[in-house]
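The values are calculated or read from the model by the stated rules, or taken from the named source; none is laboratory data. Note that the structure is a prediction, hence the values are computed from the model and not measured. Here the Cβ is made from the backbone with ideal geometry for all residues, glycine too, and neighbour counts use every protein chain on show.
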Amino acid sequence: MKTVIARLSDNSDANNLIFNEAGQLLREGGLVAFPTETVYGLGANALDEGASSKIYAAKGRPSDNPLIVHLSCVEDASKYCIVPEQFYKIADAFMPGPITVVMKKKDIIPDTVTGGLDTVAIRIPASEYARKLISSAGVPIAAPSANISGKPSPTLAAHVIEDMNGRIDMIIDGGSSKIGVESTIIKLIGDKIVLLRPGGITVEMLSLFGEVIFDKSIIGKLDISESPEAPGMKYRHYAPNTPVKILVGSDDKIFDFITDKSKNDKIGVLAFEKDRAKIEKIGVVVLSLGDNSDESASHELFSKLREADKYNLNAVYVKAPDKKGIGLALYNRILKAAGHEIIYL
Ligand code: TXA
Ligand code: MG
């Protein structure tokens, strides 16, 4: 299949032509990858069973892992699910934005989209490009991240091209995703907020609207018999081919450990720019997480995990971030990339 690659620009007339073409492809049952503020999505018409099932084939995704339904405005949510009062409070505060809410689905949403569950995940992206595409399609858009299943989510069109060229109808290039990790996913139970996946809307922000309860899959390892509330959280994820290992300990202990490892192995470290010179001096590859903040690390993480494979490394090491703010999302993604392997120093 020939994949059309279309780059958005400052020219709104040219962009509108792209959104019109993409909207038509989506209405006709095609697959279109598009930018959002979190990561790139792989979209299909969420009301078209055949179209959404093509997503699973293109990604190699297990069919029990449901898709997020993207809408252009909060008002549309009640067309597709039964909306509790608490949703509107959350929506007023955080939507459009990097948050997804799981609610009881209406029959209009096909089972292929929800992996057979009676709930549907709803998100209104902050990215204007994403919302323009949804409006232009005139239908809700079911979209997982636009990567091959198991690989790190794409934060650049180049990543989507790497994974999806030849498998889908169109890729819209809208530049680099601002946040870099996927949306926060929550479920509402009365006044309580159950966190299924941490993301850009943090626990601290959500706590203002009710008690936040963590699903066990977020920082713990599930037993084989357990299933998380968000089916996707049980799969190994975000993983490059290079093994990723998390280090817990002081900066000095970590530096000594890395120095030691580098004597026998070719290794890389995910590290901030401020530490680059020191680490490169001992012959270790630095995969930069940018300036010294969890926001910057979140923005860089997936891109640098993909880059790791280009160096033929024995392993990539990363210091565990603090589990505060967006650091919790970062920790959760690194933990999954590492297959839960933590080295305590
Ligand atoms: O930021 C994002 O959320 C991106 C962009 C494209 O919007 N999308 C994304 O989708 O990350 P995906 O498919 O990679 O992750 C969706 C997660 C999966 O873990 C899935 O199991 C969960 O959402 N999910 C979807 N529907 C659900 C439901 N009804 N109940 C519980 N979890 C659900
Ligand atoms: Mg994904």
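For GLY283, are the conditions met, namely being in contact (Cβ under 8 Å) with a residue 12 or more places away in the chain and either part of a loop (DSSP other than H, G, I, E, B) or within 12 Å of LYS319 (Cβ to Cβ) (or both)? Judged against the criteria, GLY283 is a match.
Residues in segment 260-277 that are surrounded by fewer than 13 Cβ atoms within 10 Å (Cβ to Cβ) and free of Cβ contacts under 8 Å to residues at least 40 places away in the same chain: ASP260, LYS263, ASN264, LYS274, ALA277. In summary, PRO98 fulfils each of the numbered conditions (1) near ligand 1 (Cβ under 10 Å from one of its atoms); (2) under 17 Å from SER53 (Cα atoms); (3) not small (Gly, Ala, Ser) with the single exception of condition (2). The set of residues from segment 153-162 being surrounded by 24 or more Cβ atoms within 10 Å (Cβ to Cβ) and either touching a Pro at 6+ places or on another chain (Cβ under 6 Å) or farther than 16 Å from GLU37 by Cα (or both) comprises just one member, VAL160. Of all the residues in segment 288-307, those that are surrounded by 23 or more Cβ atoms within 10 Å (Cβ to Cβ) and either part of a loop (DSSP other than H, G, I, E, B) or hydrophobic (A, V, I, L, M, F, W, C) (or both) number 5. Within segment 122-144, if we keep just the residues that are over 16 Å from GLY30 (Cα atoms) and part of a strand (DSSP E or B), the residue that is farthest from ligand 1 (Cβ to nearest atom) turns out to be ILE122. Whenever a residue of segment 326-345 is over 17 Å from THR38 (Cβ atoms), its partners that are surrounded by fewer than 22 Cβ atoms within 10 Å (Cβ to Cβ) and of a type in the set (Phe, Trp, Tyr), lying with C-beta atoms within less than 8 angstrom and at least six residues away or across chains, give the pairs ILE343/PHE257; LEU345/PHE257.
Of all residues in segment 153-190, those satisfying the criterion of being assigned to a loop (DSSP other than H, G, I, E, B), away from ligand 1 (no atom under 11 Å from the Cβ) and on the phi < 0 side of the Ramachandran plot are LEU156, ASN165, ARG167, ILE168, ASP169, GLY174, SER176, LYS178.
Within segment 21-37, the set of residues being buried (at least 24 other Cβ atoms within 10 Å of the Cβ) and more than 16 Å from ligand 2 (Cβ to nearest atom) comprises ALA22, LEU26, VAL32. Screening PRO231 with (1) surrounded by 15 or more Cβ atoms within 10 Å (Cβ to Cβ); (2) more than 16 Å from ligand 1 (Cβ to nearest atom) gives one miss only, at (2). The lone criterion from (1) near ligand 1 (Cβ under 9 Å from one of its atoms); (2) aliphatic (A, V, I, L, M); (3) farther than 18 Å from GLY50 by Cα; (4) out of contact with any strand residue (DSSP E or B) (no Cβ under 6 Å at 6 or more places or on another chain) left unmet by LEU117 is number (3). Considering segment 124-145, and only residues there that are within 16 Å of LYS178 (Cβ to Cβ) and in contact with a strand residue (DSSP E or B) (Cβ under 9 Å, 6 or more places away or on another chain), the residue that is nearest to ligand 2 (Cβ to nearest atom) turns out to be SER145. So which residues in segment 1-35 are within 13 Å of ASP173 (Cβ to Cβ) and not in a helix (DSSP H, G or I)? Once the filter is applied, which keeps residues that are within 13 Å of ASP173 (Cβ to Cβ) and not in a helix (DSSP H, G or I), segment 1-35 yields THR3, VAL4, ILE5, ALA6, ARG7, LEU8, SER9, VAL32, ALA33, PHE34, PRO35. The combined condition, being buried (at least 23 other Cβ atoms within 10 Å of the Cβ) and not β-branched (Val, Ile, Thr), is fulfilled by PRO140. Across segment 112-156, the number of residues qualifying as over 27 Å from SER296 (Cβ atoms) and free of Cβ contacts under 8 Å to residues at least 40 places away in the same chain comes to 1. If I filter segment 42-64 for residues that are closer than 18 Å to SER183 by Cα, in contact with a strand residue (DSSP E or B) (Cβ under 7 Å, 6 or more places away or on another chain), within 15 Å of ligand 1 (Cβ to nearest atom) and not small (Gly, Ala, Ser), do I get at least one hit? Taking every residue of segment 42-64 in turn, at least one turns out to be closer than 18 Å to SER183 by Cα, in contact with a strand residue (DSSP E or B) (Cβ under 7 Å, 6 or more places away or on another chain), within 15 Å of ligand 1 (Cβ to nearest atom) and not small (Gly, Ala, Ser). Within segment 173-182, one or more residues are away from ligand 2 (no atom under 15 Å from the Cβ) and closer than 30 Å to PHE209 by Cα. For segment 38-76, residues that are within 15 Å of ligand 2 (Cβ to nearest atom) and among the acidic types (Asp, Glu) total 1. Is it true that some residue in segment 89-99 is modelled with pLDDT of 95 or more, in a loop (DSSP other than H, G, I, E, B) and within 16 Å of ligand 2 (Cβ to nearest atom)? Yes, because at least one residue in segment 89-99 is modelled with pLDDT of 95 or more, in a loop (DSSP other than H, G, I, E, B) and within 16 Å of ligand 2 (Cβ to nearest atom).
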